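Beneath this line is the structure, given in structure tokens, with notes to follow.
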Amino acid sequence: MSLKSLSFRQIEEQTDDIYEAVVVMERRAKQILQDRLAEKLLQEEDSRDLGVFDEAPEIDPETYQEVEKVTTVAIREFINGELTWHKNPQDSKK
């Protein structure tokens, strides 16, 4: 689950602008994080519906599943060409 160093050549295969690449990966990482938080909130809401209130969830080390970091997922998706993005015409006028 570690992130390896990337060469600029891998990034340039997707876009010539390194800053654009960073923004695309950053925005994708935010999307992934928002999705994970929304999913967690839905699970918590379901537990409230079942009448479970003041119990702190206990994490069992044997059943704990480590989730891949959002930045790692976003960078991998970018490098593999799984992301599409469009430039905002208003941004280019500035």
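The values are calculated or read from the model by the stated rules, or taken from the named source; none is laboratory data. Here the structure is a predicted model, which means the values were calculated and not measured. So basically every Cβ, Gly included, is an ideal-geometry build from the backbone, and we count neighbours across all protein chains shown.
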Checklist entry - Do we have Glu20 as loosely packed, with under 13 Cβ neighbours inside 10 Å and either farther than 19 Å from Ile79 by Cα or not small (Gly, Ala, Ser) (or both) here? => result no
Checklist entry - Would it be correct to say that Thr63 is exposed (fewer than 10 other Cβ atoms within 10 Å of the Cβ) and modelled with pLDDT of 75 or more? => result no
Checklist entry - Take the residues of segment 49-58 that are part of a loop (DSSP other than H, G, I, E, B) and modelled with pLDDT under 70: which is surrounded by the most Cβ atoms within 10 Å (Cβ to Cβ)? => result Val52
Checklist entry - Do we have Asp46 as in a helix (DSSP H, G or I) and either modelled with pLDDT under 90 or within 19 Å of the chain's Cα centre (by Cα) (or both) here? => result yes
